[in-house]
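Read through the structure below, which is laid out as C-alpha cells, and then see the notes.
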Amino acid sequence: MCYQSFCWIKKHTVLTVLLVLWVGLLLVPPTVLTAVRVDFADSGYERAEQLKVLTSRSDTTIPFSGLRTTYGKTGQSRIYFFDPIYRKDSYIRRLDPIDTEYEEPLGIRSITITCNGVKSFTLTGEEILTYFTLNDQVEVADSSPKVLTLTITGGDSQLFPTAEFRGRYVRTARQSARLGVLFLGMAGAIFYGLSLIYGKIRKTPPENRWMDRADMCLILVAACTLILMTLTAFYGDHRLNPDEWESRDAVRYYEEHNVPPDVRDGDVSATIGTYGTTRLSEKTPYYLYAGKLACLVNLPHEERLFGLSLGFLLFGLVIWNLRKNRYLTAVVFLTPQVWYLFSYGTSDALDYLMAVLVLYQLTKPDSMLHGMLRRKFSPKELWRYLLVGLLFGHILTAKANYYVILIYAFFMLLIPLAQAEKAERKGLFGKYCLILLFTALLPAARLGFDFWHYGLEKSRIILEMRGQRAIHELNPLMDKSGWNWYFHMREQGVSFRDFLMNYGLFGSLFRSFTGLYGGMKIQTPGRYYLVMGGLYVVLYLMTGYAVRKNGGKAGIWKWLLLHGTAAVSLLLVFYNAYCVDFQPQGRYLFPVLIFMAHGISLDGKLTKTRWYNQLLCMTALLGLYSFAAGVPQIWQL
C-alpha cells in the first residue's frame, strides 16, 4: 500500500504538491476578501464615490496604498480588498464619509461587511455609533434605528472603528476564511476534470497532456472573461469611462442617420465633448456599424453591443486556432486591457480586431492573402482581393496609432517580393497594386463625404468649431496661459527631457497597457504590475533567443523589422502626448502585441514549449484577476 502510494505520488508530483499546498491553505487561510457596502438614506445621492475606506496593518500609520478604490453608484458605495490580518485585528482603520466639505446633512442607512462572499453583519442607523467614533470634523445631526444623519463640519471627516467593531469583524472573518480556499479547491478540481475530458476527446498521448491543461486554462479564462465583458457591457454605468460620453452619443446619432454629418449641423451638438470635437468627424466606420446594430435590438447600453460582438469574434478566432496557430494567443492573453476595449463603446475595438486579422492574413501560410499571391490571377478571385483590400482599408480609417500596422504589412509583403524570381516579381507586384486599389475604397468613400461638406477646408473648419465649443482649458484658439498643464505641452514650453522624466510617462504607459480601468483611475491591487513586467521581460528574451536559434535568416530579418515598427508605434505615442494631449494610454501601444505575436510565430516550435504555455497561462490568470478586481462596472452589479 505504501509502495503504491509512493508510485502514485511520484507519477503525479505536481498534483501532490498542489494538494498539500491546498490543505495547508485550508488549515491557515492567508487572507479573506472583504467587502464594505454603505447605503445612503438618499437613494439619489450622487457623491458615493467620495466615501473612502483606508486600511493598514498598523493601528498608528496608514500608508498611501491603504486608500482603497470606491466603486460608487447612485445611493451606494462599495469597497473591496484582501485582508491579510483578519485573524488578529481589523484591516479597516478609517472610514471617511466624504473627502471634501459638504453643507447638506449626510444620511447613512446601513454599513454591511461581507467576507468571502458571505454577509458577516450589517450596522443600521444609530447602531453605527456603537461601532465607529467620529473625529472633530463630523457631528451627529440626528439618529434613529433606521438612519444615522451626519453634519460635515470640515474637509477631513473621519470615522474610526471601535473595539466592538474590530472584535465582531475578526470573529465573522475567521468563520468565512476557509470558504475562499474551499472555492479555490473546487475550481481546481473542476479544471483538472475538464482537462482530462478535453484530452480524451482530442485523444492526446500521455506525454502531451500538459498541453491539454494549458488549453483548458486558456479556454476557461476566455469563458470567464466573456462573461465579465458581457456583464460590464450591459450593466456598467457609461459615466465610469470618460471617453464613452462622446462615443455613446456618436453611436446614437447613427441609429437615426445613415451618412457622416457636417460638424456644423445642430444635430451633432449632443456628441460634442470638452475638446470641442465630435467622434462623428473621425474616419472610422465603427460608429456607423454600432449604430445600425443598435437599431435592431432593445437592450440596456445597446450602443456597446457591436464592440462586445467584436470581442466574441476575437476570442472565437483565437480559441478556434488554439493548436494550429497558437501564436494568436499573444494578442488576447498578454494583457486584460485588451478585453476592456470590448466592454464599452470605443472605436479602438474595431481597430484592434482589424489589426489582428491583418496579422492572421500575413502569418498564416494558407490564408486568403497568401493563397491569392501563390495562385495565378483570375477575375473570379476579385472578390478575395476586395475583401483583403477592405481589411487594409479599415486600418487606414483607424486611429493614427494603428497606421504602423500598414508599415508592418508593407515590410512583411516586401520580403516575398524581394525573394521572388524575376519572372514572378512583375505578376506579384501587379497583385499588390490591385490590393492597394481596393484598400483605397473605404477611406476614399469617407473622404468623399468630407469633401462634400467642407471642400478642402476640413482642418480649418474643425479648428474653428473647436474654438467655439471647447472648454477654455482645452481650447487651441484661447490664450495658452489658461490651458491645462497636459494640453499642447510643447507649445507651453515643456522641454522634451522634462516631458520624458518628470510626468510619470513610462509608469502611466505601462500600467495602462497592463490593466488600468475606469478612466485610468483604478489600478489592479497588489504587486500585479511588477509580476506582469517580469513575465513580459522573460517572454521577450526567450522569444528573441528562439527566433535567433531557429528562425533562420528570414526570421531574424523579420524580427528586426518588427522592432522597427514597434519603435515607430512608441514614437507616435510620444508625439501625441507631447505635442497634442498628454494621454499616455497603453491602448495606443496595442499594435506592439500584433508585432509580438508575429515574432512568436517565426519559430514554429516556440508555442509548443512548456515555458511559453506556462508563461501564457500565468499572464492570462493574472489578467483575469486584474480584470475582475479592477473594472468598476463589475463591482456595481
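The values are calculated or read from the model by the stated rules, or taken from the named source; none is laboratory data. The structure displayed is predicted, hence computed values, not measured ones. Neighbour counts run over all protein chains shown; Cβ positions are idealised from the backbone, glycine included. Side chains included, ligands, DNA and RNA excluded: accessible areas come from the protein's heavy atoms. Shrake-Rupley method; radii C 1.70, N 1.55, O 1.52, S 1.80 Å.
Structure above, values below:
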| read-out | value |
| --- | --- |
| Spin-label model distance (nm) - residue 312 vs residue 472, 7 Å beyond Cα toward Cβ | 4.9 |
| Sequence-distant residues sharing a close amide H with residue 143 (under 5 Å, placed H) | 149 |
| Order by protection proxy (mean Cβ within 10 Å, highest first), peptides 306-313, 384-391 | 306-313, 384-391 |
| Whether the range 165-292 is rounded, prolate or oblate, judged on the alpha carbon gyration tensor where a/c under 1.5 counts as rounded | oblate |
| FRET efficiency, residue 203 to residue 611 (Cβ-Cβ, R0 41 Å, nearest 0.05) | 0.95 |
| Accessible area, probe 1.4 Å, largest first, for residues 381, 46, 126, 424 | 46, 424, 126, 381 |
| Structure-derived P(r) over Cα pairs in 20 Å bins from 0, in percent: which label, when the choices are (i) 15, 33, 33, 17, 2; (ii) 13, 27, 31, 18, 9, 2, 0; (iii) 16, 45, 32, 7, 0 | (iii) |
| Length gained when the stretch residue 484-residue 447 is fully extended (0.36 nm per residue, less Cα-Cα span) | 10.1 nm |
| Accessible surface of residue 471 - all protein chains present, 1.4 Å probe, nearest 10 Å² | 70 |
| Percent of alpha-carbon pairs separated by more than 12 Å within the range 583-637 | 76 |
| Helix-derived mean residue ellipticity, 222 nm - over the chain, DSSP H n ≥ 4, -39500 (n - 2.57), to 500 | -17500 deg cm²/dmol |
| Full-stretch length increase - residue 390, residue 141 - with 0.36 nm per residue and alpha-carbon distance subtracted | 83.1 nm |
| Solvent-accessible area of residue 483 with every protein chain in place, 1.4 Å probe, in Å² to the nearest 10 | 20 |
| Accessible area of the range 489-546 belonging to carbon and sulfur atoms, whole % at 1.4 Å probe | 61 |
| The range 564-637 versus the range 407-421: alpha-carbon centroid distance in Å | 26 |
| Computed accessible area, residue 478, all protein chains, 1.4 angstrom probe, square angstrom | 80 |
| Label-to-label distance, nm, for residues given as residue 521 and residue 550 (7 Å Cα→Cβ offset) | 4.7 |
| FRET E, pair residue 538, residue 297, Förster distance 60 Å, beta-carbon r, rounded to 0.05 | 0.85 |
| Which of 415, 113 is most accessible, then next, and so on - probe 1.4 Å | 415, 113 |
| Accessible area of the range 334-425 belonging to carbon and sulfur atoms, whole % at 1.4 Å probe | 67 |
| Heavy-atom SASA rank of 103, 246 (probe 1.4 Å, accessible area, largest first) | 103, 246 |
| Contour minus Cα-Cα distance for residue 410 and residue 151 (0.36 nm per residue) | 86.7 nm |
| Accessible area (Å², per residue) of the chain, counting only protein heavy atoms and a probe of 1.4 Å | 48 |
| FRET E, pair residue 500, residue 121, Förster distance 51 Å, beta-carbon r, rounded to 0.05 | 0.50 |
| Percent carbon-and-sulfur accessible area, the range 173-245, ignoring ligands, DNA and RNA, probe 1.4 Å | 69 |
| Residue-by-residue Karplus 3J(HN,Hα) for the range 126-135, coefficients 6.51, -1.76, 1.60, Hz, glycine and proline x | 5, 4, 4, 5, 6, 10, 9, 9, 9, 7 |
